[in-house]
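Following: one structure in structure tokens, then a few remarks.
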Amino acid sequence: MGRVHDILTSPSLPLVVCTFLRTSGTVGIMKTIGIYLEDINKSLGTTSTDLGIALGLLNAFCHLPAPFLAALYRHHSTRRLLLISGTCLPPIGVALTSMATSNAQMAIYPSITGLGYCMVNICCIMTLHRVAKENYNLLFSLGLTGYGAGMVLLPLLAEFLRQAYGWRGGLLIISALMANIIPVGMAIKLESDESSTQRNGFQSVPSSPKGEECNTSTSQDITDHFMDMDEGFAPPTNDEM
């Protein structure tokens, strides 16, 4: 039980789960759009080339902004913003795709999803490398198993939803499922959060030992003063009388 408790309370667990959701969502949404290809073509009049460009932009935005986002991550004040924004953008992009009415919208909206996943990827990789240390390779590989899960499970779910709700309803429901990455991202503890807690928390005052020494010295001075006064008011001896 102690081992299970350590795993559940480990700061690496939200990072592994977030990586799993990111990888499964990235490959899953591409497979889902492929399954809905025929329905989208009939509804919007798009071609296979148009959707190919849309998926290409989705994949491009999953990787191309990485150097720029890594530079932003170096600033502690932007880390939490990058992570939360990155977890919110993928479900928003898929939800907007389900409401698309033109080829241009079908190309732009999936790119929002790709950009969000890129932001999540950068934050998770860098934070996991700091937290996991020597276990980084194992934990990161566990998160990458989401590629396999998304490749198998999301197409099955997409086909089931297509038969019941159509391609728009299917994408909208899948976007709601993808939104589960948001609370997982909020559970991740970043280095900027720890430094902020240390600044705002109660800390020992470094001058307190010196203050105690000063108080002790003052008390000793007062005691010596009264002892001198007692000696000054001592009763006269027989010789003096």
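The values are calculated or read from the model by the stated rules, or taken from the named source; none is laboratory data. Note that the structure is a prediction, hence the values are computed from the model and not measured. Positions of Cβ are generated from backbone atoms using ideal geometry, with glycine treated the same way; all protein chains shown enter the neighbour counts.
Can you name the number of the only condition in (1) in contact with a Ser or Thr (Cβ under 6 Å, 6 or more places away or on another chain); (2) hydrophobic (A, V, I, L, M, F, W, C); (3) crowded, with 20+ Cβ neighbours inside 10 Å that L21 fails?
Unmet for L21, out of (1) in contact with a Ser or Thr (Cβ under 6 Å, 6 or more places away or on another chain); (2) hydrophobic (A, V, I, L, M, F, W, C); (3) crowded, with 20+ Cβ neighbours inside 10 Å: (1).
When the stretch 126-170 is examined, which residues are found to be without any contact (Cβ under 8 Å) to a residue 40 or more places away in the chain and buried (at least 18 other Cβ atoms within 10 Å of the Cβ)?
Correct list: L161 only.
Checking the condition free of Cβ contacts under 8 Å to residues at least 24 places away in the same chain, surrounded by fewer than 20 Cβ atoms within 10 Å (Cβ to Cβ) and more than 20 Å from the chain's Cα centre (by Cα), which residue from S48, S43, S102 passes?
On the way: S43 fails: free of Cβ contacts under 8 Å to residues at least 24 places away in the same chain; S102 fails: free of Cβ contacts under 8 Å to residues at least 24 places away in the same chain.
Answer to the check: S48.
Matching residues to (1) over 18 Å from V17 (Cβ atoms); (2) out of contact with any Leu (no Cβ under 6 Å at 6 or more places or on another chain):
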{"position": "L69", "(1), (2)": "yes, yes"}
{"position": "C88", "(1), (2)": "no, yes"}
{"position": "I92", "(1), (2)": "yes, yes"}
{"position": "S98", "(1), (2)": "yes, no"}
{"position": "M106", "(1), (2)": "yes, yes"}
{"position": "I122", "(1), (2)": "no, no"}
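Considering only the stretch 59-70, I want to know if a residue exists there that is aromatic (F, W, Y), in a helix (DSSP H, G or I), closer than 21 Å to Y136 by Cα and modelled with pLDDT of 90 or more.
First, the residues of the stretch 59-70 that are aromatic (F, W, Y): 61, 68.
After this cut, where a residue has to be in a helix (DSSP H, G or I) as well, the list is 61, 68.
From what's left, closer than 21 Å to Y136 by Cα: none.
There is no residue in the stretch 59-70 that is aromatic (F, W, Y), in a helix (DSSP H, G or I), closer than 21 Å to Y136 by Cα and modelled with pLDDT of 90 or more.
What is the residue count in the stretch 49-76 for residues that are touching a helix residue (DSSP H, G or I) at 6+ places or on another chain (Cβ under 7 Å) and not hydrophobic (A, V, I, L, M, F, W, C)?
6
Scan T87, T101 and give me the residue that is of a type in the set (V, I, T), within 25 Å of G166 (Cβ to Cβ) and at pLDDT 90 or above. If you could, list the steps in order and put the result at the bottom.
On the way: T87 fails: within 25 Å of G166 (Cβ to Cβ).
Answer to the check: T101.
Counting just the residues of the stretch 24-40 that are closer than 15 Å to S98 by Cβ and of a type in the set (A, V, I, L, M, F, W, C), which one comes out nearest to the chain's Cα centre (by Cα)?
I29
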